[in-house]
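These notes are about the structure you will find just below.
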Amino acid sequence: MPPQSSTRRTLLCAGAGILSLTAGCLTDFDDTDGPTDDDESATNERGDDTETDDETTDAADETDDDTDGDDTGLEYDIEQYSHSDLPEKPDVTLLTEQDETDDWLAARGLADSLEEFIAETVFEQSSLIALEAEAPTHCYELIVEEVSVGDESEDASDTLTLEAAVRDETDDDTMCAQALTAVGALVRVSIDGSPVTDLSARVTAADGTEHGVGLATASASESDSTE
């Protein structure tokens with residue numbers, strides 16, 4: 001009997017060894033073909049990067065679509081002034097040369113106060129438009145409300161449009177000298193680096209009266225209207 005027991009134990013051990021080897025092979029097979037946690041993490045990271053690139057591209061496209069350009073070529077500067085020589089009605093003057101500008105300044109005693117502004121003007125590239133009107137006190141100013149090029153008419157695409165009004169923009173606590181005075185604004189304008197040749201201007205006086213003026217280098221026309 002002892003020899004039989006020994007043989008049975010030997011067979012059992014051999015069978016257990018075979019099962020162990022088989023289990024080992026199965027484990028190696030699973031490790032080789034199946035995805036690991038590290039592989040899934042790398043795949044997720046690559047997917048996130050792709051989405052970020054798409055979002056960046058969309059943002060760049062939106063920025064390009066929102067970019068608009070201004071092709072009017074209009075450039076202007078404004079200098080306000082006042083003097084004691086009262087105009088009979090709101091006035092608009094187109095100045096295109098140095099000599100006529102000097103005469104205009106001398107007639108109003110403005111040569112000193114506007115000297116620097118005039119010195120910076122190159123008449124080969126820009127024009128000066130003077131707008132002025134009467135004001136009831138020294139607290140009033142002539143405020144330029146609009147400077148633009150063209151209107152609804154295709155024939156007036158190069159016409160300069162100006163709108164200005166005499167207004168008191170001080171607060172109630174400001175003390176104002178109760179004396180009539182002339183208030184004005186000198187506008188230096190160029191369109192595409194060239195002087196202005198045609199303009200349409202409207203000046204609203206302190207009493208609400210509107211004075212419309214159309215000017216060109218070769219002709220001039222005026223019209224008055226009341227609100």
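Key figures
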quantity: Residues within segment 105-128 that are within 22 Å of THR159 (Cα to Cα), touching a residue at least 40 places away in the same chain (Cβ under 8 Å) and out of contact with any Lys or Arg (no Cβ under 8 Å at 6 or more places or on another chain), tallied; calculated: 3
quantity: Residue match in segment 82-92 (condition: touching a Ser or Thr at 6+ places or on another chain (Cβ under 6 Å), in contact (Cβ under 8 Å) with a residue 24 or more places away in the chain and over 16 Å from VAL196 (Cα atoms)); calculated: yes
quantity: Filtered residues of segment 166-181 (kept if hydrophobic (A, V, I, L, M, F, W, C) and touching a residue at least 40 places away in the same chain (Cβ under 8 Å)); calculated: VAL166, ALA177, ALA179, LEU180
quantity: Single match in ASP65, ASP70, ASP102 (criterion: open to solvent by 50 Å² or more (accessible area, probe 1.4 Å), out of contact with any Lys or Arg (no Cβ under 6 Å at 6 or more places or on another chain), closer than 24 Å to ARG188 by Cβ and modelled with pLDDT under 95); calculated: ASP70
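One line per residue, one yes/no per condition, for (1) among the β-branched types (Val, Ile, Thr); (2) open to solvent by less than 40 Å² (accessible area, probe 1.4 Å); (3) over 28 Å from the mean Cα position of the chain (by Cα); (4) farther than 16 Å from GLY212 by Cβ:
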site	(1), (2), (3), (4)
PHE123	no, yes, no, yes
GLU134	no, no, yes, yes
SER148	no, yes, no, no
GLU169	no, no, no, yes
ASP173	no, no, yes, yes
GLN178	no, no, yes, yes
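The values are calculated or read from the model by the stated rules, or taken from the named source; none is laboratory data. The structure presented is a predicted model; accordingly, all values stated were derived computationally and were not measured. Quick reminder, even Gly has a Cβ in these numbers, built from the backbone with ideal geometry, and neighbours come from all protein chains shown. Accessible surface areas use protein heavy atoms only, side chains included; no ligands, DNA or RNA. Shrake-Rupley method; radii C 1.70, N 1.55, O 1.52, S 1.80 Å.
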